Each structure stands twice: as C-alpha cells, then as structure tokens.
1. At a 10 Å Cβ-Cβ cut-off, how would you order H109, H17, H76, fewest neighbours first?
2. For a quick check, take a GNM of the chain with Cα springs below 10 Å and name the residue from R83, R143, R18 with the largest mean-square fluctuation.
3. Tell me, how many Å apart are the Cα centres for region 89-113 and for region 35-78?
4. What residue among A86, A94, A116 has the largest mean-square fluctuation in a Gaussian network model of the chain, using Cα springs under 10 Å?
5. By counting other Cβ atoms within 10 Å of each Cβ, how are K111, K79 ranked from fewest to most?
6. Can you give the helix-only mean residue ellipticity at 222 nm for the chain, where every DSSP H stretch with n ≥ 4 adds -39500 (n - 2.57) and the sum goes over all residues, rounded to the nearest 500 deg cm²/dmol?
7. Classify the chain from the C-alpha gyration tensor, please: rounded if a/c falls under 1.5, else prolate or oblate depending on whether a/b exceeds b/c.
8. Where does the charge balance sit around H108 when Lys and Arg score +1, Asp and Glu -1, over other residues with C-beta under 11 Å from its C-beta?
Amino acid sequence: MGIPFERLGWLFVRYGHRVYPGWARPALEDWLQPLAPGSRVLDLGGGTGVLTAWALESRPDLEFTVVDVAPGMMAHAPKPAGRLVARAEELPLASGSVAAVMIGEALHHFKDSRRALAEVARVLNPAGRLWIYDFDPTRGVGRWVYWGERLAGEPASFYRPARLARELEKLGFVSEYRCRKGQYVLTASRQV
Ligand SMILES: C[S@@+](CC[C@H](N)C(=O)[O-])C[C@H]1O[C@@H](n2cnc3c(N)ncnc32)[C@H](O)[C@@H]1O
C-alpha cells in the first residue's frame, strides 16, 4: 500500500503547487538569495519539480537537480534541471558536493527520515543550507494530512517543527521556522 507516485505525475504537475500556502514561495525565494551563481541545489523528493520550477524563475543561474524514487513524477520536472533517481536515504553523491537542499512536502514520505536527514548533512558542504516545507501533525491542516496519509499507508513520519529543529541540531545545524495553521517552513544552516 501507499500512494502510487510513479503514476501520479500528471496530477502533481497540475495541482502540486496548491499544497503550499501563499507565503511559502516568497520564503523559498528569500532563502535562495545568498547562494552564489552556479551553486548546486537538490530538490529532494522533488517529484514533478514544483519547488525547482519556482526557484528557477528567481534564480535561473543555479544548478538544480530533482532527486526522487519515482521517474514518472520526475518526467514532468522543468527541463533545465537535472534528474536523479535515488532514495533520499542513500544519495549517490559525494560528501560536501551540494550547496543547498530543498525538501517540499516529502520528508514525511521517506521510509527512514532520520537516515535521509543524515544523508542531507553528509552531501551538504560546510556552508550548506537546507529548506524544508512540511506539516505539523498536531495542528490545523497538518492533523488531517497526518491521518489521511496513515490511511493511505504512507510512512507519515511527520515531525513537529521544534522536534525537527532538535533532530537537525544533532547533525550540526541551526534552524529557524515559521508555522501557520499546521504548515511550516524550516530553514537550517550549519553552526559555525
Ligand atoms: C507528495 S510528493 C512531493 C513532491 C514535490 N516535492 C512537490 O512539492 O510537489 C512526495 C515525493 O517524495 C518521493 N519519495 C518518497 N519516498 C522517497 C524516498 N525515500 N526518496 C526520495 N523520494 C521519495 C515520492 O516519489 C514523491 O514524488
């Protein structure tokens, strides 16, 4: 059981952006600002590349790669972006080879989210930056999403934002987050 993402690219390419509140896109654009031209950015669990499409509009000078287990989702990703079929828990990328990672509405789908976060920490360079959008399973719309995904047989491994920040702290990151009605954006960078 579980959501058959491989066959749902057509749906996500049309409606995937609606999962994000209006304030998420400007938050993503602000977060992208400090990155140097040519920086490598991963859209992890990127699916049809909703985040990559937004990011490309404000930063076409960055090098984006959509990473996902479902080629049927990535078939719809914007053309300039690279595509990599891989599990977030086992990224076939060199340590320190990436400047930034975006994870939109995907962390809770990973079977082993803790291992995926450790992989993110490994592939990010020392100045690496992380952007995560997800649901707080105890608040607002997050409660409904949590139960919906449990019924659908998904891992539903949701973090409350404060808990995710603590998890990331163990990996050497300092986080900030903004949560509204059960939807949050967390950004993190390494402690210096
Ligand atoms: C709800 S979709 C979100 C897609 C996209 N980020 C967006 O905002 O529309 C979740 C995605 O996570 C992918 N996924 C699930 N488990 C994964 C894993 N272990 N590693 C990488 N991607 C995974 C799915 O194939 C799917 O494309």
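Where a number appears in this text, it was derived from the coordinates with a stated rule and is not lab data. Because the structure is predicted, anything quoted here is derived from the model rather than measured. Quick reminder, even Gly has a Cβ in these numbers, built from the backbone with ideal geometry, and neighbours come from all protein chains shown.
1. Numbers: H109 22, H17 16, H76 19.
Final ranking by Cβ density, sparse to dense: H17, H76, H109.
2. In the Gaussian network model the winner is R18.
3. Each part's Cα centre sits 12 Å from the other's.
4. Looking only at A86, A94, A116, the biggest GNM fluctuation is shown by A94.
5. On the way: K111 14, K79 7.
Lowest to highest Cβ neighbour count: K79, K111.
6. Numbers: 7 runs with 62 residues, N = 192.
Mean residue ellipticity at 222 nm (helix-derived): -9000 deg cm²/dmol.
7. On the way: a/c = 1.34, a/b = 1.11, b/c = 1.21.
Rounded shape, in that the Cα axes give a/c under 1.5.
8. Details: positive: K111, R150; negative: E105, D134, D136, E149, E154.
Once positives and negatives cancel, what remains is -3.
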